[in-house]
Amino acid sequence: MRNTAYGISNNLENHPMKGTYMNEISPDIHVFKTNIGFAHDVKKISPILGEESRIKKWSVDVEDVDNVLRVEAHRIEPTEIISLITQCGYSCEELTD
């Protein structure tokens, strides 16, 4: 079985906050259960998550039963990520420890 996870890393090389405290601290990692199940779904959310400067990196595992969205970000609340995803028409709920 192949591992199919799609995602993007926001390139901070030219970001205005490069070299600031934001890049020196470890990002928070948020994990969500979604109904983002196919590559075309990932393409639909990609511009939305890519435009959010606080999101450093994200991925969706479309082969996982929970279609897990994993987000590495600085100073963003899980509710804000959920809002971004639901605005695209998908369900999204935080998975906690």
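The values are calculated or read from the model by the stated rules, or taken from the named source; none is laboratory data. Keep in mind that what you see is a predicted model, and the values were worked out from it rather than measured. Glycine also receives a Cβ, built like all others from the backbone with ideal geometry; neighbour counts cover every protein chain displayed.
On the given criteria, is Ile55 closer than 24 Å to Ser26 by Cα, touching a Cys at 6+ places or on another chain (Cβ under 6 Å) and in contact (Cβ under 8 Å) with a residue 24 or more places away in the chain? Quick ask: steps written out before the conclusion?
On the way: closer than 24 Å to Ser26 by Cα: yes; touching a Cys at 6+ places or on another chain (Cβ under 6 Å): no; in contact (Cβ under 8 Å) with a residue 24 or more places away in the chain: yes.
Taking the combined requirement at face value, the residue does not satisfy it.
Working carefully through the options Ser53, Ser46, find the one that is among the small types (Gly, Ala, Ser) and assigned to a loop (DSSP other than H, G, I, E, B). Walk me through how you get there before you give the answer.
Numbers: Ser46 fails: assigned to a loop (DSSP other than H, G, I, E, B).
Unique residue meeting the criteria: Ser53.
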(request) Would you mind telling me which numbered condition in (1) within 21 Å of Ser26 (Cα to Cα); (2) at pLDDT 95 or above; (3) part of a loop (DSSP other than H, G, I, E, B) Asp66 fails? (result) (1)
(request) Please enumerate the residues belonging to region 43-61 that are among the aliphatic types (A, V, I, L, M) and either crowded, with 18+ Cβ neighbours inside 10 Å or within 9 Å of the chain's Cα centre (by Cα) (or both). (result) Ile45, Leu49, Ile55, Val60
(request) Taking Gly89 as meeting all but one of (1) of a type in the set (Gly, Ala, Ser); (2) in a strand (DSSP E or B); (3) over 13 Å from the mean Cα position of the chain (by Cα), write down the number of the exception. (result) (2)
